[in-house]
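Novice: Attaching a single structure in structure tokens format; questions to follow.
The values are calculated or read from the model by the stated rules, or taken from the named source; none is laboratory data. Everything numeric in this text was worked out from a predicted model, so none of it was measured. Note that each Cβ is placed from the backbone with ideal geometry, even for glycine, and that neighbours are counted across all protein chains shown. SASA here: full protein model, heavy atoms, side chains in, ligands and nucleic acids out. Shrake-Rupley method; radii C 1.70, N 1.55, O 1.52, S 1.80 Å.
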Amino acid sequence: MKTSFISTLSIQTTMRNSISNVQREMVKANQEAVSQKHADLGVALGANTSRAIDLSRDITRTDSLLTTAALATQRLETAELSLKSMNEQGLKIQSAILTLGSSADETSLATARMAMSDALDAFTNFANTAVQGEYIFSGINSDVKPLDDYFATGSPAKAAVDAELTQYLSDNAIPSKEQMTAAQMNDFLDDLEAKFNGSSPLTSPPHPAAVAGQDFWKTFFSDASDENMKSRISPTEVVESSTNANSQGMRNFAFASIISMEYLQTGMDKDARAAVATRTTSVINKAMNSEGSINQQRTSIGIYTERVSKAEERLRAQKDILTTSLGSMENVDPEEAATRLNTMKTLLETAYTVTAKIQQLSLANFL
């Protein structure tokens, strides 16, 4: 009879290899238990790996569109609130003119002028509203404040209006604005309104030759672009996510508040002052309700907001479908992954125990 033997080194090597294998499997099992996804998608899915990658890419693209849509919604909602506030300021101007009536009392006139001043100041602040560092009424010039502050020291807007009055008085040999008749006031307001709304270009004099022929509003009041910001809210749909300060409504609002603030003065001819009040009422009504008015802008903003909202609903539904499809391919059963991890732990502990006992084997114990 022949006795064969197995060395302890061979046994230890075998156990060491087994422990290494178990440890590798434990890492995979732990990763799957935590992430609830296959540790190696390529091995688990085989030929379907490319499909999983495509689904993941589609989810990322959908998330990007949802982020863009959320920003567009924020911009549109802020624009709507600002336009609503502008409309309220317009109502205050109407109320102030109605309250003033034909009164020549300085206190009443001062109160009306203060109301116009407050309305213009508030209007400018609303027009210069920014969202995340971008001005929503600047069009694509979103990094530039759209409206000049008429009340700022050295304001080019106020200087331009004053220059128009000075030139008109000079051309018609009128000593001062207090000497203007109702007909002259209407004539001057006709010319100034045409310049505000862009139907009449700048002239030299009273303005520098370099700006002759340009738009009065865009030269002295507004740095906004006529082109509005656009946002892609779906793979095939793009909407305007802002409006701009060059609209007729905003031009008319500024014109109405400025002429009433500047020319409703006690020393002016009664009829000329009445002409200013009448023009203010007419123009502020156009600012709020005519073509290109503030309320028309609100309507457009509301339509865009609704489109974005519906697009967000569709995108969320698409993402849910994509996420479910991807999950069915790459997700693992969390209970099965946890059970497998526990099994690996038990095997590893057993291997350590056996290895420890083998290392304790010695012939000295049997001699």
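Novice: Report the net charge of residues surrounding residue 206, where surrounding means a beta-carbon distance below 10 angstrom and charges are Lys +1, Arg +1, Asp -1, Glu -1.
Specialist: Summing Lys and Arg as +1 and Asp and Glu as -1 gives -3.
Novice: When only C-alpha pairs under 8 Å and at least 6 residues apart count, what is the relative contact order of the range 86-208, in percent?
Specialist: 14 percent
Novice: How large is the accessible surface per residue of the range 74-163, computed with a 1.4 Å probe and reported in Å² as a whole number?
Specialist: 46 Å²
Novice: So, one more: Going by a ≥ b ≥ c, the root eigenvalues of the Cα gyration tensor, does the range 49-138 fall in the rounded group (a/c under 1.5), the prolate group (a/b larger than b/c) or the oblate group?
Specialist: Here the range 49-138 falls in the prolate category.
Novice: In the structure shown, do any of 195/270; 145/270; 84/158; 84/177 have a Cα-Cα gap over 30 Å, and if so which?
Specialist: Exceeds cut-off: 145/270; 84/177.
Novice: Where a Cα-Cα gap under 30 Å defines reach, which lysines qualify for residue 319, not counting those fewer than 8 residues away within the same chain?
Specialist: 28, 37, 230, 310
Novice: Would you check the accessible area of residue 237, probe 1.4 Å, heavy atoms only, in square angstrom rounded to 10?
Specialist: Here the residue's solvent-accessible area equals roughly 40 Å².
Novice: So, with a 1.4 angstrom probe, what is the percent of accessible area on the range 155-264 that is carbon and sulfur?
Specialist: On the range 155-264, the fraction of accessible area on carbon and sulfur atoms equals 50 percent.
Novice: For the charge dipole of the range 66-133, defined by +1 on Lys and Arg C-beta atoms and -1 on Asp and Glu C-beta atoms about the Cα centroid, which residue among 99, 74, 112 has the Cα displaced farthest towards the positive pole?
Specialist: About the Cα centre, the residue reaching furthest to the positive side is 74.
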